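The values are calculated or read from the model by the stated rules, or taken from the named source; none is laboratory data. Fair warning: this is a prediction, and the values are worked out from it, not measured in the lab. Cβ placement follows ideal geometry from the backbone for every residue including glycine, while neighbour counts extend to all protein chains displayed. Just the protein is used for accessible areas: all its heavy atoms, side chains included, with ligands, DNA and RNA removed. Shrake-Rupley method; radii C 1.70, N 1.55, O 1.52, S 1.80 Å.
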Amino acid sequence: MKKSKTWGYQENMSGGYENISKPKNVWEEFFADKKRGGHRSSAEEFLAMEAREKLFHLDGGKKLLDFGCGAGELLVYYATEYEKTIGVDFSPSMLDEASKRIRERNCENTTLILADDKTVWDKLDSSFDRITAAGVFQYLTYQEIDEFIFNASNYLNNGGKIVLFDMLDPRLYPLWKIGLFSQDKTCWKFICEVVCGVKNTISASLKNRPRDILGYSHNPKTIKKIANKNGFEIICVQSMYYEYRYHAIIFRT
Ligand SMILES: C[S@@+](CC[C@H](N)C(=O)[O-])C[C@H]1O[C@@H](n2cnc3c(N)ncnc32)[C@H](O)[C@@H]1O
């Protein structure tokens, strides 16, 4: 297995986690105190439905890695269907929430790791049938995605899959942002959204901060090229609960 250690983390005195050396990137900073995964609804019924859709696409396997598990809102549903689940995230506050959820649901088969897309690999001591991420890859660049898939391939069992849920679709996301899918959109609201969007984009680039707190959108064709380059096939399907997102199911033939 490829080793790629760069930074380290340690558990602090109060049982939480802290980063001991790596300079924080803008997204790590952004998520450092967040406690929710940003689902369309945080009602348990909605999360259960979302998890069911995701379990359908995950389609079995025994050991699962949930990269960017956040507050564990989906992870706890995966845990009931897998023998072993590992949640990884670089946000201490998210992991604290995930830890509470795991305890409440008695998910004894689940462990959490504080790490990012570069450091996670050296913290794993086994390989997986499924490596998944939901609403996470929008915070990675194409190059980081390429590296992630390359590293993940070394930790994937025979017949394993990498399933990237809810990627932002660059063809649909701008339309969703200006409210084109919204049922109660008036012409005036539509114009306001467009003007605000342009204003935010200019202001963000002047202040050198992310243009959009939802991160980057990724073209499915480029994701396919990356998957193929790493020896995988890919199927992209529309996300059921987010009109402007798609799932990338990556596997070997
Ligand atoms: C939108 S939330 C989704 C959380 C969870 N997957 C869910 O669906 O409930 C994105 C999560 O990815 C984590 N994340 C983003 N980039 C990451 C990275 N490079 N390494 C580790 N975690 C990351 C964030 O901390 C956050 O918890």
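Can you pull out every residue in segment 140-167 that is in a loop (DSSP other than H, G, I, E, B), more than 22 Å from residue 84 (Cβ to Cβ) and in contact with a helix residue (DSSP H, G or I) (Cβ under 8 Å, 6 or more places away or on another chain)? Can you show your working first?
Going through segment 140-167, the residues in a loop (DSSP other than H, G, I, E, B) turn out to be 140-141, 154-155.
Cutting the leftovers down to more than 22 Å from residue 84 (Cβ to Cβ) gives us 140-141.
If the condition is that a residue be in a loop (DSSP other than H, G, I, E, B), more than 22 Å from residue 84 (Cβ to Cβ) and in contact with a helix residue (DSSP H, G or I) (Cβ under 8 Å, 6 or more places away or on another chain), then 140 is the only one that fits.
Applying the selection to segment 71-86, what residues are open to solvent by less than 20 Å² (accessible area, probe 1.4 Å) and either more than 8 Å from the ligand (Cβ to nearest atom) or in contact (Cβ under 8 Å) with a residue 60 or more places away in the chain (or both)?
Filtering segment 71-86 for residues open to solvent by less than 20 Å² (accessible area, probe 1.4 Å) gives 71-76, 78-79, 82, 85-86.
If the condition is that a residue be open to solvent by less than 20 Å² (accessible area, probe 1.4 Å) and either more than 8 Å from the ligand (Cβ to nearest atom) or in contact (Cβ under 8 Å) with a residue 60 or more places away in the chain (or both), then 74, 76, 78, 79, 82, 85, 86 are the ones that fit.
Inspect segment 46-68 for any residue being part of a loop (DSSP other than H, G, I, E, B), assigned by TED's automatic domain parsing to the domain that holds residue 109, surrounded by 15 or more Cβ atoms within 10 Å (Cβ to Cβ) and near the ligand (Cβ under 10 Å from one of its atoms) and give the result as yes or no. Break it down stepwise before answering.
Filtering segment 46-68 for residues part of a loop (DSSP other than H, G, I, E, B) gives 59-62, 68.
The next check asks that each one be assigned by TED's automatic domain parsing to the domain that holds residue 109; those that pass are 59-62, 68.
Retained after the next criterion (residues that are surrounded by 15 or more Cβ atoms within 10 Å (Cβ to Cβ)): 61, 68.
Add one more test, that the residue is near the ligand (Cβ under 10 Å from one of its atoms), and what stays is 68.
Scanning segment 46-68 turns up at least one residue that is part of a loop (DSSP other than H, G, I, E, B), assigned by TED's automatic domain parsing to the domain that holds residue 109, surrounded by 15 or more Cβ atoms within 10 Å (Cβ to Cβ) and near the ligand (Cβ under 10 Å from one of its atoms).
Taking into account only those residues within segment 113-139 that are open to solvent by 10 Å² or more (accessible area, probe 1.4 Å) and part of a loop (DSSP other than H, G, I, E, B), which is nearest to residue 52 (Cα to Cα)?
Within segment 113-139, the match that is nearest to residue 52 (Cα to Cα) is 135.
Out of 89, 122, 96, report the one residue that is more than 14 Å from the chain's Cα centre (by Cα) and either within 12 Å of the ligand (Cβ to nearest atom) or free of Cβ contacts under 8 Å to residues at least 24 places away in the same chain (or both).
Details: 89 fails: more than 14 Å from the chain's Cα centre (by Cα); 122 fails: either within 12 Å of the ligand (Cβ to nearest atom) or free of Cβ contacts under 8 Å to residues at least 24 places away in the same chain (or both).
Exactly one of 89, 122, 96 is more than 14 Å from the chain's Cα centre (by Cα) and either within 12 Å of the ligand (Cβ to nearest atom) or free of Cβ contacts under 8 Å to residues at least 24 places away in the same chain (or both), namely 96.
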